[in-house]
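The values are calculated or read from the model by the stated rules, or taken from the named source; none is laboratory data. These numbers come from a predicted model, not from an experiment. Every residue, glycine among them, receives a Cβ derived from its backbone with ideal geometry; neighbour counts consider all protein chains shown.
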Amino acid sequence: MPKGVPDGLRNRYPREYNSWKSMKQRCNNPKAAYYHRYGQRGIKVHEDFETFWGFLSYIGERPENTSLDRIDVDADYAPGNVRWASPSIQSEGRAPYKHDRVRGSITVRRSTYEDRAGFQSDSVSYVVKLRDKYVGSSTERSVAEEMLKEALENDRSGI
C-alpha cells in the first residue's frame, strides 16, 4: 500500500480515518491540542500504524458508539494495546476522582461513588468538600472521607 491514503479508502472508512489521523496528531504534532497528554509524555505510534492501511488492517472497522482506546494508558499506540471501546470501558482507566487543592474539593465519578456507597445516584458526579464540610447522608460522608484520605495519600506519593 502506498504511503499516502487513497481517497477511496479514506472515503470508505471516514470514522476510522479520522481516528487514525487524530492519533498521529496527538503523538507527533507539538501544536496539536492534546500533544501534552500523548507525544510530550513519550506516547508513540507503532510503525505498523504509520500507514492508514496498516492501522485499519489491525483494528478493523469502528463499531458504533466507540472510539480509539489504549488498553495501557502509559504505553504506545501499538498492536495488542489498541481497541475500539465504549466511553464506559474507557473511563475504567481514569482516576476515580479529581482533587482540586485550591478550592478544597473533590469531584468523584458517579460509578466510583456508587460502587463505594453501595447505591445508585441521580447525579453525574459528586463534588465533595474536603475542608470541614461533607455533603449528604452519613453514608455519603463516610465515602467522601475515604476518598479524601485516598486523594491525600496519592498526592503525597506523586500519583
#### Entry: Extreme residue, farthest from the chain's Cα centre (by Cα), among residues of the stretch 54-79 that are more than 18 Å from C27 (Cα to Cα) and surrounded by fewer than 14 Cβ atoms within 10 Å (Cβ to Cβ)
S57
### Task
Out of the residues in the stretch 44-72 that are in contact with a strand residue (DSSP E or B) (Cβ under 7 Å, 6 or more places away or on another chain) and hydrophobic (A, V, I, L, M, F, W, C), state the one that is modelled with the lowest pLDDT.
I71
### Message
If I filter the stretch 4-20 down to residues being assigned to a helix (DSSP H, G or I) and modelled with pLDDT of 90 or more, which single residue comes out as nearest to L68 (Cα to Cα)?
### Response
S19
